[in-house]
Amino acid sequence: MTHTPAAPDATPAAEAAQEPAAVTVARLRAAFDTGRTRPLAWRRAQLAGLRSLLTEQSDAFLAALRADLGKGTAEAYRTEIGFTLNELDHTVAHLEQWLQPRPATVPEVFRPAEARVVRDPLGVVLIIAPWNYPLQLALAPLVGALAAGNTAVLKPSELAPATSAAIARLLPRYLGPEAVAVVQGAVPETTALLEQRFDHIFYTGNGAVGRIVMAAAARHLTPVTLELGGKSPVVVEPGVDLAVTARRIAQGKFLNAGQTCVAPDYVLAIGASAKALESQLADAVRELYGEDPATAPEYGRIVNERHFDRLTALLDDGRTVTGGTHDRASRYLAPTVLADVSPEAPVMQAEIFGPVLPVVAVPDLDAAIAFINERDKPLALYAFTESPQTKRRLTEETSSGALSFGLPVSHLAMPELPFGGVGESGMGRYHGEYSIETFSHTKAVVDKPLA
Ligand code: NAD
């Protein structure tokens, strides 16, 4: 399928027509200051608009996602549109309950009095989205921002230009300019936005830019949520069902051609599991994408040549078990498994963020835990084990944004779970009620009678 109905909006002329950042923020702040965003009815109306945008314009978004990342229709629907609808519907179903004031106990000495905790909207929030799930990671935070009664500026990623243009063109048909402004652009446009005063900044992307965002926010004392990445390990113990293990690792790893923040980055295979896992991973790739993944309709492409070159430079590390083939013109890189990888190899230094899976052998669980703890705290840690003791040790002796036994990646699609990192993998959390917490001020209210 070739694209794209949304492409004309990506022209420099369209971007040049954007109003100054200060004007955009002033308009959204004036709207917020009227108080109109506070009632539940306004919030529900915005979420209904967002729902219509996703359902009525799904074809345009699917075409844009294919143009940007070669995303197959089924995967794109599930991980971008369906995911966001699920988040939205969960929010709509529970919002009234989440916004109820919560009574607090008043200590004897202050009685008679009542106390409660209320959730106050913050004001104008800025959402800066990355390119890898360019629709989901723009609109899922927006669900929380609007549900919490804020107005929002949305900055989609310039590295997913078709999706960015589709959002900018289509979203204003469903949400008014006093509720949400979409600002397209790259570093200069984002820098101009970051000079403005926001009431919260929600950034998803890499840690280097996360530091720029946080420094800019500090000038206005604006709180930030930083949804970052890093190397998410998978621990595999001997004795587990390696066919099931390999299939679930491959499903999580090669989704979106490995360009997923919570993708398994590398495998720490304990003892005898390393050798046995290799052939199972190769089988799992074949099962998922056939003999030639280049022709598999659901296998994606690398976002751009810079990332393609970065990834192909990692292919010499270790021994290639499966994959390794690539084509720069189409930015295709086969699902690749590397065995006998040394911890010092380049592929083990930074987040891979592509379809290359190194397997590192470690002698035992102690070594696996030490390996994890010597490095930055991961966004997610996965383990395949049947041992309650191993589960307990990994839970208590490691720190990561999330921990999942037997199921990589899927925790992010469970809206009752917080989604966020710790240390280098980020700060703050969202999804479901955690988004309301993030985009609200939790205010203490005391009421003591005067007589
Ligand atoms: P990116 O290049 O699209 O950048 C993200 C955003 O930052 C874009 O909107 C971009 O315009 C803006 N930006 C870039 N440079 C800037 C600058 N100098 N000043 C201000 N703004 C700037 O995306 P990326 O950073 O390549 O994203 C990939 C990273 O994001 C990976 O590390 C991945 O793990 C992480 N990630 C995390 C999550 C999560 O939810 N925790 C989700 C997806 C991706």
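Taking SER425, is it among the hydroxyl-bearing types (Ser, Thr, Tyr) and either without any contact (Cβ under 8 Å) to a residue 24 or more places away in the chain or surrounded by fewer than 24 Cβ atoms within 10 Å (Cβ to Cβ) (or both)?
The answer is no for SER425.
Restricting attention to the stretch 176-216, report how many residues are under 30 Å from ALA41 (Cα atoms) and of a type outside the set (A, V, I, L, M, F, W, C). Give the derivation first.
Restricting attention to the stretch 176-216, the residues satisfying the condition of being under 30 Å from ALA41 (Cα atoms) are 176-184, 193, 196-204.
Within this subset, residues satisfying the condition of being of a type outside the set (A, V, I, L, M, F, W, C) are 176-178, 184, 196-197, 199-200, 203-204.
Qualifying residue count for the region: 10.
Please verify whether the stretch 279-286 includes one or more residues that are within 26 Å of ASP376 (Cβ to Cβ) and out of contact with any strand residue (DSSP E or B) (no Cβ under 7 Å at 6 or more places or on another chain). There is no residue in the stretch 279-286 that is within 26 Å of ASP376 (Cβ to Cβ) and out of contact with any strand residue (DSSP E or B) (no Cβ under 7 Å at 6 or more places or on another chain).
For the stretch 114-134, indicate whether the set of residues that are in contact (Cβ under 8 Å) with a residue 40 or more places away in the chain and part of a helix (DSSP H, G or I) is non-empty.
Restricting attention to the stretch 114-134, the residues satisfying the condition of being in contact (Cβ under 8 Å) with a residue 40 or more places away in the chain are 114-134.
Checking the rest, the ones that are also part of a helix (DSSP H, G or I) come to none.
The answer is no, given that none of the residues of the stretch 114-134 is in contact (Cβ under 8 Å) with a residue 40 or more places away in the chain and part of a helix (DSSP H, G or I).
Let's see how each residue does on (1) touching a Lys or Arg at 6+ places or on another chain (Cβ under 7 Å); (2) assigned to a helix (DSSP H, G or I); (3) at pLDDT below 95:
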| site | (1), (2), (3) |
| --- | --- |
| GLU278 | no, yes, no |
| VAL285 | no, yes, no |
| ALA294 | no, yes, no |
| GLY300 | yes, no, no |
| VAL303 | no, no, no |
| LEU311 | no, yes, no |
| ASP317 | no, no, yes |
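With respect to the conditions (1) part of a loop (DSSP other than H, G, I, E, B); (2) under 30 Å from ALA104 (Cα atoms), SER400 lacks only one, and its number is (2). Scanning the stretch 328-340 for residues that are outside any strand (DSSP E or B) and surrounded by 22 or more Cβ atoms within 10 Å (Cβ to Cβ) turns up ALA334, PRO335. Exactly one residue among THR151, THR91, THR79 is in contact (Cβ under 8 Å) with a residue 60 or more places away in the chain, within 16 Å of the ligand (Cβ to nearest atom) and hydroxyl-bearing (Ser, Thr, Tyr), and that residue is THR79. Scan THR222, THR245, THR322 and give me the residue that is modelled with pLDDT of 95 or more, crowded, with 20+ Cβ neighbours inside 10 Å, assigned by TED's automatic domain parsing to the domain that holds LEU126 and not aromatic (Phe, Trp, Tyr). Sole residue among the options that is modelled with pLDDT of 95 or more, crowded, with 20+ Cβ neighbours inside 10 Å, assigned by TED's automatic domain parsing to the domain that holds LEU126 and not aromatic (Phe, Trp, Tyr): THR222. Residues in the stretch 353-371 that are crowded, with 24+ Cβ neighbours inside 10 Å and among the aliphatic types (A, V, I, L, M): VAL356, LEU357, VAL359, ALA368.
Residue-wise test of (1) away from the ligand (no atom under 11 Å from the Cβ); (2) surrounded by 22 or more Cβ atoms within 10 Å (Cβ to Cβ); (3) not polar (S, T, N, Q).
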site: ALA192; (1), (2), (3): no, no, yes
site: PHE198; (1), (2), (3): yes, yes, yes
site: THR204; (1), (2), (3): no, yes, no
site: ARG211; (1), (2), (3): no, no, yes
site: ALA218; (1), (2), (3): yes, no, yes
site: GLY229; (1), (2), (3): no, yes, yes
site: VAL235; (1), (2), (3): yes, yes, yes
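Only residues that are buried (at least 16 other Cβ atoms within 10 Å of the Cβ) and away from the ligand (no atom under 11 Å from the Cβ) were counted in the stretch 428-451, giving 9. For residues in the stretch 161-190 being free of Cβ contacts under 8 Å to residues at least 12 places away in the same chain and part of a helix (DSSP H, G or I), which is nearest to the ligand (Cβ to nearest atom)? Only one residue tops the list, namely VAL187. If you go through the stretch 253-274 and keep only what is among the hydrophobic types (A, V, I, L, M, F, W, C) and away from the ligand (no atom under 14 Å from the Cβ), you end up with PHE254, VAL267, LEU268, ALA269, ILE270, ALA272, ALA274.
The values are calculated or read from the model by the stated rules, or taken from the named source; none is laboratory data. The shown structure was predicted, so the numbers you read here are calculated from the model rather than taken from an experiment. Cβ coordinates were reconstructed from backbone atoms using ideal geometry, including for glycine residues, and neighbour counts include every protein chain displayed.
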